[in-house]
Amino acid sequence: MHTYLKLLYIIVFFTILIFINSIFINVYAENINIYSFEKDNSIRLLLSSEKKILSNSFILEDPPRLVVDVENINKFSKNNFEYKYIKKIRASKSNNKARLVFDLKIPAKNFKKKIFSENISGAHVLLIDLNLFATQKIINKNVIVIDAGHGGPDPGAIRSNIKEKDLTLMAAKILREELLKRNFIVYLTRSSDRYIKLRNRVKYARNKSADLFISIHADSTKNKNTKGTSIYSLSEKASDKLSQALADRDNKSDLIAGLDLDDLDKEVSDILIDLSRRETKNSSISFAELFIDHLEKQNFNLLRRPHRQAGFAVLKAPDVPSVLIEMGFISNNSDFKKLTDPNFQEKLMKNTANIVEIYFNSIK
Ligand SMILES: [Zn+2]
(Lines give C-alpha, C1' and ligand atoms only; values in the text may rest on other atoms or scores of the structure.)
Protein backbone atom coordinates (compact mmCIF):
# COMPACT_ATOMS: atom_id res chain seq x y z
CA MET A 1 0.00 0.00 0.00
CA HIS A 2 2.78 2.33 0.97
CA THR A 3 4.52 1.78 -2.37
CA TYR A 4 1.35 2.63 -4.30
CA LEU A 5 1.04 5.89 -2.41
CA LYS A 6 4.61 6.76 -3.23
CA LEU A 7 4.00 6.01 -6.89
CA LEU A 8 0.88 8.19 -6.87
CA TYR A 9 2.86 11.09 -5.41
CA ILE A 10 5.46 10.73 -8.12
CA ILE A 11 2.85 10.67 -10.88
CA VAL A 12 1.08 13.76 -9.51
CA PHE A 13 4.39 15.56 -9.09
CA PHE A 14 5.48 14.94 -12.68
CA THR A 15 2.06 15.81 -14.08
CA ILE A 16 2.25 19.20 -12.37
CA LEU A 17 5.81 19.68 -13.55
CA ILE A 18 4.91 18.95 -17.17
CA PHE A 19 1.91 21.25 -16.90
CA ILE A 20 3.99 24.16 -15.56
CA ASN A 21 6.58 23.55 -18.19
CA SER A 22 4.08 23.60 -21.03
CA ILE A 23 2.56 26.87 -19.83
CA PHE A 24 5.98 28.43 -19.78
CA ILE A 25 6.90 27.30 -23.27
CA ASN A 26 3.61 28.38 -24.75
CA VAL A 27 3.92 31.95 -23.56
CA TYR A 28 6.59 32.75 -26.11
CA ALA A 29 6.99 32.57 -29.84
CA GLU A 30 7.31 29.23 -31.53
CA ASN A 31 6.92 30.23 -35.12
CA ILE A 32 8.29 33.48 -36.37
CA ASN A 33 7.91 35.15 -39.71
CA ILE A 34 10.68 37.43 -40.79
CA TYR A 35 10.20 40.18 -43.31
CA SER A 36 12.91 42.46 -44.46
CA PHE A 37 12.67 45.73 -46.31
CA GLU A 38 15.66 47.57 -47.59
CA LYS A 39 15.34 51.20 -48.51
CA ASP A 40 17.93 53.70 -49.65
CA ASN A 41 19.63 54.06 -46.33
CA SER A 42 18.09 51.53 -44.04
CA ILE A 43 17.24 47.93 -43.40
CA ARG A 44 14.05 47.10 -41.57
CA LEU A 45 13.56 43.64 -40.17
CA LEU A 46 10.11 42.72 -39.02
CA LEU A 47 9.67 39.66 -36.86
CA SER A 48 6.09 38.68 -36.25
CA SER A 49 4.49 35.92 -34.26
CA GLU A 50 1.23 35.05 -32.59
CA LYS A 51 3.10 34.80 -29.34
CA LYS A 52 5.33 37.19 -27.51
CA ILE A 53 8.82 37.44 -28.94
CA LEU A 54 11.65 37.44 -26.43
CA SER A 55 14.77 38.64 -28.11
CA ASN A 56 18.10 40.27 -27.80
CA SER A 57 20.02 41.80 -30.67
CA PHE A 58 23.41 43.33 -31.28
CA ILE A 59 25.74 44.40 -34.07
CA LEU A 60 29.21 42.90 -34.52
CA GLU A 61 32.15 43.41 -36.90
CA ASP A 62 34.44 40.94 -38.68
CA PRO A 63 32.37 39.86 -40.45
CA PRO A 64 29.89 42.75 -40.15
CA ARG A 65 26.59 41.32 -38.90
CA LEU A 66 23.43 41.82 -36.95
CA VAL A 67 22.79 39.06 -34.45
CA VAL A 68 19.26 38.43 -33.20
CA ASP A 69 18.75 35.86 -30.46
CA VAL A 70 15.18 34.69 -30.12
CA GLU A 71 13.95 32.44 -27.35
CA ASN A 72 11.56 29.55 -27.70
CA ILE A 73 11.45 29.38 -31.43
CA ASN A 74 11.01 26.18 -33.37
CA LYS A 75 10.61 27.38 -36.88
CA PHE A 76 10.81 30.50 -38.88
CA SER A 77 10.08 31.51 -42.39
CA LYS A 78 11.45 34.43 -44.30
CA ASN A 79 9.79 36.67 -46.80
CA ASN A 80 10.67 39.52 -49.09
CA PHE A 81 14.37 39.23 -48.90
CA GLU A 82 16.16 41.61 -51.14
CA TYR A 83 19.83 41.33 -50.72
CA LYS A 84 21.07 44.87 -51.09
CA TYR A 85 22.76 45.30 -47.74
CA ILE A 86 22.27 41.80 -46.37
CA LYS A 87 24.80 39.31 -47.69
CA LYS A 88 23.11 36.25 -46.28
CA ILE A 89 21.13 34.96 -43.36
CA ARG A 90 22.40 32.21 -41.14
CA ALA A 91 20.61 30.53 -38.31
CA SER A 92 21.48 28.06 -35.63
CA LYS A 93 19.56 26.63 -32.77
CA SER A 94 20.51 25.32 -29.37
CA ASN A 95 17.83 24.17 -26.95
CA ASN A 96 15.06 26.73 -27.19
CA LYS A 97 17.22 29.56 -28.34
CA ALA A 98 17.64 30.44 -31.98
CA ARG A 99 20.32 32.74 -33.26
CA LEU A 100 19.65 34.54 -36.51
CA VAL A 101 22.64 36.17 -38.11
CA PHE A 102 22.25 38.75 -40.85
CA ASP A 103 25.60 39.17 -42.56
CA LEU A 104 26.00 42.71 -43.86
CA LYS A 105 27.77 43.99 -46.94
CA ILE A 106 28.89 47.16 -45.19
CA PRO A 107 30.95 47.57 -42.00
CA ALA A 108 28.56 47.44 -39.06
CA LYS A 109 29.90 50.68 -37.58
CA ASN A 110 28.01 52.56 -40.33
CA PHE A 111 24.67 51.45 -38.92
CA LYS A 112 22.60 52.76 -36.07
CA LYS A 113 20.18 50.27 -34.55
CA LYS A 114 16.67 50.99 -33.31
CA ILE A 115 14.18 48.53 -31.87
CA PHE A 116 10.42 48.74 -31.49
CA SER A 117 8.18 46.14 -29.96
CA GLU A 118 4.48 46.34 -30.67
CA ASN A 119 1.26 44.46 -30.47
CA ILE A 120 -0.64 44.97 -33.71
CA SER A 121 -4.14 43.49 -33.76
CA GLY A 122 -3.19 40.40 -31.81
CA ALA A 123 0.15 39.81 -33.50
CA HIS A 124 3.37 40.44 -31.66
CA VAL A 125 5.72 42.44 -33.80
CA LEU A 126 9.35 43.24 -33.28
CA LEU A 127 10.90 45.83 -35.55
CA ILE A 128 14.62 46.21 -35.91
CA ASP A 129 15.79 49.17 -37.93
CA LEU A 130 19.35 49.55 -39.09
CA ASN A 131 19.94 53.05 -40.37
CA LEU A 132 22.98 53.98 -42.38
CA PHE A 133 24.74 57.18 -41.35
CA ALA A 134 25.39 58.08 -44.96
CA THR A 135 25.10 56.41 -48.32
CA GLN A 136 27.74 53.75 -48.42
CA LYS A 137 29.39 52.04 -51.29
CA ILE A 138 28.78 48.34 -51.07
CA ILE A 139 32.00 46.44 -51.11
CA ASN A 140 31.15 42.86 -51.58
CA LYS A 141 34.45 41.06 -51.59
CA ASN A 142 34.08 37.32 -51.52
CA VAL A 143 35.46 35.47 -48.53
CA ILE A 144 37.42 32.26 -49.10
CA VAL A 145 38.44 29.94 -46.28
CA ILE A 146 41.29 27.59 -47.16
CA ASP A 147 41.75 24.49 -45.07
CA ALA A 148 45.13 22.74 -45.07
CA GLY A 149 44.23 19.12 -44.29
CA HIS A 150 45.55 17.36 -41.16
CA GLY A 151 48.27 18.96 -38.96
CA GLY A 152 49.91 18.57 -35.55
CA PRO A 153 49.71 14.98 -34.26
CA ASP A 154 47.84 13.96 -37.42
CA PRO A 155 50.35 13.79 -40.31
CA GLY A 156 47.87 12.47 -42.91
CA ALA A 157 49.52 10.26 -45.54
CA ILE A 158 53.28 9.68 -45.18
CA ARG A 159 55.91 8.56 -47.67
CA SER A 160 59.66 8.62 -46.97
CA ASN A 161 59.52 11.44 -44.44
CA ILE A 162 57.21 13.54 -46.59
CA LYS A 163 53.99 14.21 -44.72
CA GLU A 164 50.65 15.16 -46.23
CA LYS A 165 50.09 17.80 -43.51
CA ASP A 166 53.17 19.73 -44.72
CA LEU A 167 52.24 19.49 -48.40
CA THR A 168 48.71 20.74 -47.72
CA LEU A 169 49.96 23.68 -45.65
CA MET A 170 52.43 24.68 -48.34
CA ALA A 171 49.72 24.57 -50.99
CA ALA A 172 47.25 26.47 -48.77
CA LYS A 173 49.74 29.30 -48.32
CA ILE A 174 50.39 29.55 -52.06
CA LEU A 175 46.66 29.61 -52.74
CA ARG A 176 46.19 32.35 -50.14
CA GLU A 177 48.76 34.56 -51.88
CA GLU A 178 47.20 33.94 -55.28
CA LEU A 179 43.70 34.76 -54.02
CA LEU A 180 44.88 37.91 -52.23
CA LYS A 181 46.36 39.10 -55.54
CA ARG A 182 42.90 38.62 -57.05
CA ASN A 183 41.27 40.78 -54.38
CA PHE A 184 39.56 38.12 -52.29
CA ILE A 185 39.35 38.10 -48.51
CA VAL A 186 41.20 34.96 -47.43
CA TYR A 187 41.44 33.04 -44.17
CA LEU A 188 43.34 29.85 -43.39
CA THR A 189 41.94 27.39 -40.86
CA ARG A 190 45.55 26.80 -39.83
CA SER A 191 48.76 28.55 -40.84
CA SER A 192 51.12 26.43 -38.76
CA ASP A 193 51.63 22.78 -37.92
CA ARG A 194 48.74 22.30 -35.53
CA TYR A 195 45.65 20.21 -35.37
CA ILE A 196 42.12 21.58 -35.58
CA LYS A 197 39.05 19.45 -35.03
CA LEU A 198 37.12 18.83 -38.23
CA ARG A 199 33.96 20.42 -36.85
CA ASN A 200 35.92 23.51 -35.86
CA ARG A 201 37.24 23.90 -39.40
CA VAL A 202 33.63 23.95 -40.58
CA LYS A 203 32.59 26.26 -37.76
CA TYR A 204 35.44 28.64 -38.61
CA ALA A 205 34.26 28.91 -42.22
CA ARG A 206 30.71 29.60 -41.08
CA ASN A 207 31.81 32.21 -38.55
CA LYS A 208 33.80 34.00 -41.23
CA SER A 209 30.67 33.95 -43.39
CA ALA A 210 32.72 32.28 -46.11
CA ASP A 211 31.47 32.22 -49.68
CA LEU A 212 33.64 29.22 -50.46
CA PHE A 213 35.52 26.66 -48.37
CA ILE A 214 38.40 24.77 -49.97
CA SER A 215 39.99 21.88 -48.11
CA ILE A 216 43.32 20.67 -49.51
CA HIS A 217 44.61 17.11 -49.29
CA ALA A 218 47.16 14.74 -50.84
CA ASP A 219 46.14 11.31 -49.65
CA SER A 220 47.44 7.83 -50.36
CA THR A 221 45.67 4.71 -51.50
CA LYS A 222 46.50 0.99 -51.59
CA ASN A 223 46.56 0.90 -55.37
CA LYS A 224 49.90 2.47 -56.29
CA ASN A 225 48.70 3.09 -59.86
CA THR A 226 45.92 5.44 -58.78
CA LYS A 227 46.97 8.96 -59.67
CA GLY A 228 45.82 12.40 -60.70
CA THR A 229 44.11 15.46 -59.25
CA SER A 230 40.48 15.22 -58.16
CA ILE A 231 37.83 17.23 -56.36
CA TYR A 232 35.07 16.22 -53.97
CA SER A 233 31.72 17.70 -53.14
CA LEU A 234 29.49 16.47 -50.34
CA SER A 235 27.20 13.53 -50.62
CA GLU A 236 25.92 11.31 -47.82
CA LYS A 237 26.51 8.35 -50.10
CA ALA A 238 29.97 8.02 -51.59
CA SER A 239 30.05 7.78 -55.38
CA ASP A 240 32.50 4.84 -55.29
CA LYS A 241 34.76 2.73 -53.06
CA LEU A 242 37.83 4.92 -53.38
CA SER A 243 35.85 8.02 -52.39
CA GLN A 244 34.37 6.17 -49.41
CA ALA A 245 37.82 4.97 -48.29
CA LEU A 246 39.31 8.45 -48.53
CA ALA A 247 36.40 10.03 -46.66
CA ASP A 248 36.59 7.36 -43.94
CA ARG A 249 40.29 7.92 -43.59
CA ASP A 250 40.08 11.69 -43.38
CA ASN A 251 37.05 11.61 -41.11
CA LYS A 252 39.14 9.54 -38.69
CA SER A 253 41.54 12.44 -38.50
CA ASP A 254 40.14 13.56 -35.15
CA LEU A 255 40.75 10.11 -33.69
CA ILE A 256 44.34 10.09 -34.90
CA ALA A 257 44.85 13.42 -33.17
CA GLY A 258 43.62 11.85 -29.94
CA LEU A 259 40.23 13.52 -30.00
CA ASP A 260 36.75 12.17 -30.37
CA LEU A 261 35.07 12.85 -33.63
CA ASP A 262 32.19 15.11 -32.76
CA ASP A 263 28.78 14.32 -34.00
CA LEU A 264 28.68 16.84 -36.77
CA ASP A 265 25.18 16.01 -37.87
CA LYS A 266 23.86 16.85 -34.44
CA GLU A 267 25.79 20.11 -34.41
CA VAL A 268 24.33 21.01 -37.75
CA SER A 269 20.74 20.82 -36.54
CA ASP A 270 20.06 24.25 -37.85
CA ILE A 271 16.69 25.56 -38.74
CA LEU A 272 17.75 27.19 -41.95
CA ILE A 273 19.31 24.03 -43.29
CA ASP A 274 16.52 22.94 -45.59
CA LEU A 275 16.45 26.34 -47.11
CA SER A 276 20.14 26.75 -47.75
CA ARG A 277 21.47 23.22 -48.09
CA ARG A 278 20.20 22.62 -51.60
CA GLU A 279 21.60 25.93 -52.78
CA THR A 280 24.94 25.21 -51.09
CA LYS A 281 25.13 21.76 -52.60
CA ASN A 282 24.46 23.06 -56.09
CA SER A 283 27.12 25.76 -55.69
CA SER A 284 29.66 23.17 -54.52
CA ILE A 285 28.87 20.99 -57.51
CA SER A 286 29.17 23.84 -60.01
CA PHE A 287 32.52 24.87 -58.54
CA ALA A 288 33.78 21.29 -58.76
CA GLU A 289 32.64 20.98 -62.38
CA LEU A 290 34.29 24.25 -63.29
CA PHE A 291 37.50 23.12 -61.57
CA ILE A 292 37.69 19.89 -63.57
CA ASP A 293 36.73 21.55 -66.82
CA HIS A 294 39.45 24.16 -66.41
CA LEU A 295 42.19 21.74 -65.31
CA GLU A 296 41.37 19.45 -68.22
CA LYS A 297 41.91 22.32 -70.64
CA GLN A 298 45.20 23.12 -68.93
CA ASN A 299 46.31 19.51 -69.46
CA PHE A 300 46.54 18.55 -65.81
CA ASN A 301 46.70 14.85 -65.10
CA LEU A 302 43.32 14.04 -63.54
CA LEU A 303 41.99 11.04 -61.67
CA ARG A 304 39.56 8.91 -63.66
CA ARG A 305 36.11 10.49 -63.04
CA PRO A 306 37.78 13.43 -61.30
CA HIS A 307 34.66 14.96 -59.70
CA ARG A 308 33.52 12.60 -56.98
CA GLN A 309 31.20 12.75 -54.05
CA ALA A 310 31.66 11.52 -50.51
CA GLY A 311 30.69 12.29 -46.94
CA PHE A 312 33.80 14.17 -45.84
CA ALA A 313 33.11 15.77 -42.46
CA VAL A 314 34.76 19.05 -43.48
CA LEU A 315 32.26 19.50 -46.31
CA LYS A 316 29.23 19.60 -44.05
CA ALA A 317 28.62 23.31 -43.52
CA PRO A 318 24.98 23.79 -44.48
CA ASP A 319 25.45 27.31 -45.79
CA VAL A 320 29.00 27.46 -47.14
CA PRO A 321 29.72 25.92 -50.56
CA SER A 322 32.55 23.50 -49.80
CA VAL A 323 34.93 21.37 -51.84
CA LEU A 324 37.86 19.13 -51.06
CA ILE A 325 40.77 19.06 -53.50
CA GLU A 326 42.94 15.96 -53.64
CA MET A 327 46.01 17.42 -55.32
CA GLY A 328 47.21 13.91 -56.14
CA PHE A 329 48.18 10.64 -54.50
CA ILE A 330 51.34 10.52 -52.45
CA SER A 331 51.28 6.72 -52.97
CA ASN A 332 51.83 7.03 -56.73
CA ASN A 333 55.39 7.60 -57.98
CA SER A 334 54.70 10.27 -60.56
CA ASP A 335 52.21 12.10 -58.30
CA PHE A 336 54.71 11.94 -55.43
CA LYS A 337 57.30 13.68 -57.59
CA LYS A 338 54.83 16.40 -58.54
CA LEU A 339 53.46 16.93 -55.05
CA THR A 340 56.93 17.50 -53.64
CA ASP A 341 57.82 19.90 -56.46
CA PRO A 342 57.09 23.54 -55.51
CA ASN A 343 56.63 24.38 -59.21
CA PHE A 344 53.78 21.91 -59.54
CA GLN A 345 52.13 23.16 -56.34
CA GLU A 346 52.37 26.72 -57.59
CA LYS A 347 50.95 25.82 -60.99
CA LEU A 348 48.02 23.95 -59.45
CA MET A 349 47.23 26.65 -56.90
CA LYS A 350 47.51 29.46 -59.47
CA ASN A 351 44.99 27.62 -61.62
CA THR A 352 42.77 27.03 -58.60
CA ALA A 353 42.81 30.76 -57.87
CA ASN A 354 41.87 31.48 -61.50
CA ILE A 355 38.98 29.04 -61.20
CA VAL A 356 37.77 30.74 -58.00
CA GLU A 357 37.77 34.04 -59.88
CA ILE A 358 35.90 32.57 -62.86
CA TYR A 359 33.41 30.95 -60.49
CA PHE A 360 32.52 34.17 -58.68
CA ASN A 361 32.31 36.11 -61.93
CA SER A 362 29.89 33.50 -63.25
CA ILE A 363 27.47 33.81 -60.32
CA LYS A 364 27.51 37.60 -60.00
ZN1 LIG B 1 44.07 13.90 -46.26
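The values are calculated or read from the model by the stated rules, or taken from the named source; none is laboratory data. Just so it is clear, the model here is predicted, and its values are computed rather than measured. Positions of Cβ are backbone-derived with ideal geometry, glycine not excepted, and every protein chain shown enters the neighbour counts. Accessible surface is based on the protein model in full, side chains and every heavy atom, while ligands, DNA and RNA are left aside. Shrake-Rupley method; radii C 1.70, N 1.55, O 1.52, S 1.80 Å.
Worth pointing out:
- Condition check for Thr280: open to solvent by less than 80 Å² (accessible area, probe 1.4 Å) and modelled with pLDDT under 80: yes
- Whether a residue is surrounded by 13 or more Cβ atoms within 10 Å (Cβ to Cβ) and touching a helix residue (DSSP H, G or I) at 6+ places or on another chain (Cβ under 8 Å) was assessed, and Tyr187 passes this test.
- Qualifying residue in the range 216-224 (condition: crowded, with 17+ Cβ neighbours inside 10 Å, in the same structural domain as Val320 (by TED's automatic domain parsing) and within 30 Å of Arg65 (Cα to Cα)): yes
- Selection count where residues are within 21 Å of the chain's Cα centre (by Cα), modelled with pLDDT of 65 or more and either part of a loop (DSSP other than H, G, I, E, B) or over 24 Å from Ile285 (Cα atoms) (or both), scope the range 235-261: 6
- Residue in the range 131-151 that is open to solvent by less than 20 Å² (accessible area, probe 1.4 Å) and either under 27 Å from Asn31 (Cα atoms) or modelled with pLDDT under 85 (or both) present: yes
- Being in contact with a strand residue (DSSP E or B) (Cβ under 9 Å, 6 or more places away or on another chain) and either surrounded by fewer than 20 Cβ atoms within 10 Å (Cβ to Cβ) or outside the structural domain of Thr226 (by TED's automatic domain parsing) (or both) is a property that Gly328 lacks.
- Qualifying residues in the range 195-209 (those that are within 16 Å of the ligand (Cβ to nearest atom) and among the charged types (D, E, K, R)) - the one surrounded by the fewest Cβ atoms within 10 Å (Cβ to Cβ): Lys197
- Looking only at the range 154-184, and only at residues there that are among the basic types (Lys, Arg) and surrounded by fewer than 20 Cβ atoms within 10 Å (Cβ to Cβ), the one that is nearest to Asn223 (Cα to Cα): Arg159
- Conditions (1) away from the ligand (no atom under 16 Å from the Cβ); (2) part of a loop (DSSP other than H, G, I, E, B); (3) not small (Gly, Ala, Ser); number of the one not met by Leu179: (2)
- Looking only at the range 210-225, and only at residues there that are within 11 Å of the ligand (Cβ to nearest atom) and of a type in the set (Gly, Ala, Ser), the one that is farthest from the chain's Cα centre (by Cα): Ser220
- Restricting attention to the range 77-112, the residues that are part of a strand (DSSP E or B), farther than 20 Å from Glu279 by Cβ and modelled with pLDDT of 80 or more add up to 2.
- Asp166 vs. criteria in a helix (DSSP H, G or I), among the charged types (D, E, K, R), within 14 Å of the ligand (Cβ to nearest atom) and closer than 27 Å to Asn343 by Cα: yes
- Filtered residues of the range 337-354 (kept if surrounded by fewer than 20 Cβ atoms within 10 Å (Cβ to Cβ) and either part of a loop (DSSP other than H, G, I, E, B) or in contact (Cβ under 8 Å) with a residue 40 or more places away in the chain (or both)): Thr340, Asp341, Pro342, Glu346, Lys350, Asn351, Asn354
- Residue check, Phe58 open to solvent by 50 Å² or more (accessible area, probe 1.4 Å), modelled with pLDDT of 80 or more and of a type in the set (Phe, Trp, Tyr): yes
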